[in-house]
Amino acid sequence: IYGSSFVSSSDVWAVGSSAIQNTRPLIDHWDGTSWTVSSTLNDITGLLFGASARSSTDVWAVGQVGSQTLVSHWNGAAWSIIPSPNLGTYDTLTAVAAISASDVWAVGQSIVPNQNYILMHWDGTAWSLVAAPVAANSSLAGLKAFASNNVWAVGYQNYNLNANTSSTFIMHWDGALWSVVPSPNVDAGNYLNGTDGLAPNDLWAVGYSGNGPSVTHTLALHWDGVT
């Protein structure tokens with residue numbers, strides 16, 4: 001299990017993968033009493049990393065199928081795969097945030113031919129890639145949506161595999177444009193994996209940092225509405 005989201009204490013979703021008969025996307029559901037397997041999407045080979053439940057009839061799950069993006073949707077009766085675009089030839093979605101039936105964001109990364117973050121949007125009809133600030137060797141791993149004009153995405157940029165270096169990467173959507181928000185770094189390598197918060201002036205981003213291939217520290221950043 002890699003991600004989860006809830007509608008209520010008796011309506012919780014968890015997503016990940018099953019290794020039985022190769023790797024299959026796995027979706028579990030909690031009804032207040034027990035967990036049951038809702039779907040394994042047996043006809044595809046892939047993984048799910050993130051989920052966002054807006055209501056009992058509107059739940060999204062994202063990940064990877066083969067080497068391409070995977071988006072699945074729950075309409076209250078069944079899970080179905082929704083067509084999604086790709087930036088390259090090896091793409092993964094890691095997080096999703098649903099604001100309304102026609103306003104959903106998803107993020108991830110494309111590795112081949114160039115490592116770049118993926119940012120896409122659902123408008124109620126189709127998923128489309130969204131143009132945003134250029135960031136070299138980047139990835140987005142976490143999303144938090146407070147409103148249609150207040151969405152945050154976190155990850156890393158300037159990644160150098162040989163040197164084990166990277167910088168924290170945070171972007172904000174104001175309803176019209178995505179912009180990069182300056183964020184601190186504590187070591188040579190800095191990575192943000194998730195974000196959540198109680199209010200627009202109380203947001204957390206978490207991950208890890210390190211100064212070598214085997215030395216890592218927990219990393220937590222806080223947004224107070226200004227910095």
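The values are calculated or read from the model by the stated rules, or taken from the named source; none is laboratory data. All figures in this text were calculated on a predicted structure; none of them were measured in a lab. Every residue, glycine as well, gets a Cβ built from its backbone with ideal geometry; the counts of neighbours run over all protein chains shown. The accessibility values were calculated without ligands, DNA or RNA, using every heavy atom of the protein model including side chains. Shrake-Rupley method; radii C 1.70, N 1.55, O 1.52, S 1.80 Å.
Every pair of different Cα atoms in the stretch 1-61 enters the Kirkwood calculation, which places the hydrodynamic radius at 11.5 Å. Rg and Dmax over the alpha-carbon atoms of the stretch 1-150 stand at 14.8, 46 Å.
Highest mean first, the peptides 56-63, 25-32 sorted by other C-beta atoms within 10 Å per residue fall in the order 56-63, 25-32.
Applying 1/(1 + (r/R0)^6) with r as the Cβ-Cβ distance of Val130 and Asn160 and R0 = 30 angstrom yields a FRET efficiency of 0.70.
Compute the separation of the alpha-carbon centres of the stretch 168-218 and the stretch 121-141 and state it in Å as a whole number. The distance from the Cα centre of the stretch 168-218 to that of the stretch 121-141 comes to 17 Å.
In this rough spin-label picture, where each label sits 7 Å from Cα along the Cβ direction, the Tyr2-Asp196 distance is 1.8 nm.
Applying the Karplus relation 6.51 cos²θ - 1.76 cosθ + 1.60 with θ = phi - 60° to the stretch 218-223 yields 3J(HN,Hα) values of 5, 9, 9, 10, 10, 10 Hz, where x marks Gly and Pro. Can you pull the percent of the stretch 150-227's accessible area that's carbon plus sulfur, 1.4 Å probe, other chains left in place? Of all accessible area on the stretch 150-227, carbon and sulfur atoms account for 56 percent. Put simply, when 72-85, 211-224, 127-140, 104-117 are sorted by average Cβ atoms within 10 angstrom per residue, most first, you get 104-117, 127-140, 72-85, 211-224. Site pair Trp178 and Trp204 shows an inter-label distance of 2.5 nm when each label is modelled 7 Å from Cα along Cα→Cβ.
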